[in-house]
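> Here it is: the structure, laid out below.
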Amino acid sequence: MSASIITANLEIPFPTDREAEIAHGSLSVDKEPKRGGVKKTMTVHNNIMHIHFAAPEARLLRVSINSFFDHLKLVVETLERFGQPR
Amino acid sequence: MVIAIGFEGSANKLGIGIVKDGVVLSNPRHTYITPPGQGFLPKDTAKHHREHALDILQQALEEANVKPEQIDVVCYTKGPGMGAPLVSTALVARTVAQLWNKPIVAVNHCIDIEMGRLITGAQNPTVLYVSGGNTQVIAYSERCYRIFGETIDIAVGNCLDRFARVLKLSNDPSPGYNIEQLAKRGSKFLEMPYAVKGMDVSFSGLLSYIEEKAPSLIASNEYTPEDLCFSLQETVFAMLIEITERAMAHCNSEEVLIVGGVGCEYRFIPLLVISTSANGVLMFYCLLYIRFCIDNGAMIAQAGWEMYRSGAVTPLEETSCTQRYRTDEVEVTWRN
């Protein structure tokens, strides 16, 4: 079982393309810890941010996704509170 | 005229400060205080920072009466510090920098020396940097803050904090503050391991020693908790002053600047004055301004302001955080 890779894909929609771009800019800087063995790739298409996770174990995948959502929530709240009124 | 905003979250304090050409316009802060006997863990500290960052940011802008468009540069702590809290704080800095279309400057936390120089007016001090995470004696030479001596294991503040946990002292406002309050009432000195190794110091053996001895010494009424706080404080400060003094002699320096959270402990001052005057050192500076000694956003803004004015900008994709980031890795482009 150890050789298998578990993957997950997330699609996060933002109100505008620019907010998706900013969130991507903020969230794609930090690399996953090397020893965890999780690979995370992020791309943006229009107002949608796509995130692909690949991990050797379900537990590691969960940790990585949980952490991603903690960070995403903070970025979204920052955009809502300090962004230009739409 | 340059206005810088600084985001600091390398340990248990989340601070955001705004500085305009050497004047601190605002500097709000929120501290994560754990129950007595407990230290702060990275995950919980990061959560604290995420919960408070936006309120503190709003407060910083309102108190400074500055609009986002007036800000010239967004500065944040890149390291050293705890990974998760650093990242949480950096995320907000990156997001607002993009929203407001401002450049970013990544700051080494230890360059809070610049805040000390600004406040005291010290020109070229020997710096004793003492906090919960860092213990270094630093002097400037040729575009670098060079580390003359440092701890080879835990920081002095960590040693004091962990002893406060043994005694179940409150962490409010800080364990070091409460140790000092007890130490003032202590009188019986307990000899403990004094570990100065050349220009370096070691605190972990000392901590193990007192952690092991304290419960029985107190239970048998041989020593009071006050006596032990007094003895610990005297011992660690004597060690630090010994290496500071030596660094000052090496550099022919007549000024000493104390920065970092442990610098708020007043016992440092009489000890250092006695020690340095014996060596014929006349000038004496100390960063007594507690709000600038303990981690805060303005110190990051001030260091970033210096860096930005000398041309430093960090591209967004390089605004990562690092737990290990030595003081001497920074090229000091803003001093002669």
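> Would you pick out the residues in the stretch A:46-85 that are touching a Gly at 6+ places or on another chain (Cβ under 8 Å) and within 26 Å of B:HIS48 (Cα to Cα)?
Result: A:LEU60, A:VAL63, A:SER64.
> Let me ask another. Any idea which residue in the stretch B:140-184 is farthest from B:TYR325 (Cα to Cα), counting only those that are under 17 Å from the mean Cα position of the chain (by Cα), outside any loop (DSSP other than H, G, I, E, B) and of a type in the set (Val, Ile, Thr)?
Restricting to residues being under 17 Å from the mean Cα position of the chain (by Cα), outside any loop (DSSP other than H, G, I, E, B) and of a type in the set (Val, Ile, Thr), the top hit is B:VAL156.
> Further question: I'd like the full set of residues that are more than 19 Å from A:ALA20 (Cα to Cα) and assigned to a loop (DSSP other than H, G, I, E, B), limited to the stretch B:57-102.
B:ASN65, B:VAL66, B:LYS67, B:ILE71, B:ASP72, B:PRO80, B:GLY81, B:MET82
> Considering only the stretch A:43-63, state which residues are outside any strand (DSSP E or B) and more than 14 Å from chain B (Cβ to nearest Cβ). Talk me through it step by step, then tell me what you get.
Applying the first criterion (outside any strand (DSSP E or B)) to the stretch A:43-63 yields A:46-47, A:56-63.
Matches in the stretch A:43-63: A:ASN46, A:ASN47, A:PRO56, A:GLU57, A:ALA58, A:ARG59, A:LEU60, A:LEU61, A:ARG62.
> Would the stretch B:299-318 turn up any residue that is modelled with pLDDT of 95 or more, outside any loop (DSSP other than H, G, I, E, B) and in contact with a Phe, Trp or Tyr (Cβ under 6 Å, 6 or more places away or on another chain)?
So far as the stretch B:299-318 goes, yes, one or more of its residues are modelled with pLDDT of 95 or more, outside any loop (DSSP other than H, G, I, E, B) and in contact with a Phe, Trp or Tyr (Cβ under 6 Å, 6 or more places away or on another chain).
> Which of the residues belonging to the stretch A:1-42 are over 10 Å from the mean Cα position of the chain (by Cα), under 21 Å from A:ALA55 (Cβ atoms) and assigned to a helix (DSSP H, G or I)?
Those that are over 10 Å from the mean Cα position of the chain (by Cα), under 21 Å from A:ALA55 (Cβ atoms) and assigned to a helix (DSSP H, G or I): A:LYS34, A:ARG35, A:GLY36.
> Kindly indicate the residue of the stretch B:58-69 that is within 12 Å of another protein chain (Cβ to nearest Cβ) and surrounded by fewer than 23 Cβ atoms within 10 Å (Cβ to Cβ) and also nearest to A:GLY83 (Cα to Cα) among those meeting that condition.
Residues of the stretch B:58-69 that are within 12 Å of another protein chain (Cβ to nearest Cβ), as a first pass: B:58, B:60-61, B:67-69.
When the remaining residues are screened for being surrounded by fewer than 23 Cβ atoms within 10 Å (Cβ to Cβ), the result is B:58, B:61, B:67-69.
Details: B:GLN58: 12, B:LEU61: 14, B:LYS67: 13, B:PRO68: 10, B:GLU69: 12 Å.
Looking at residues that are within 12 Å of another protein chain (Cβ to nearest Cβ) and surrounded by fewer than 23 Cβ atoms within 10 Å (Cβ to Cβ), I get B:PRO68.
The values are calculated or read from the model by the stated rules, or taken from the named source; none is laboratory data. The model shown is predicted, which means the values in this text are computed figures rather than measured ones. Virtual Cβ from ideal backbone geometry, glycine too; neighbours counted across all protein chains shown.
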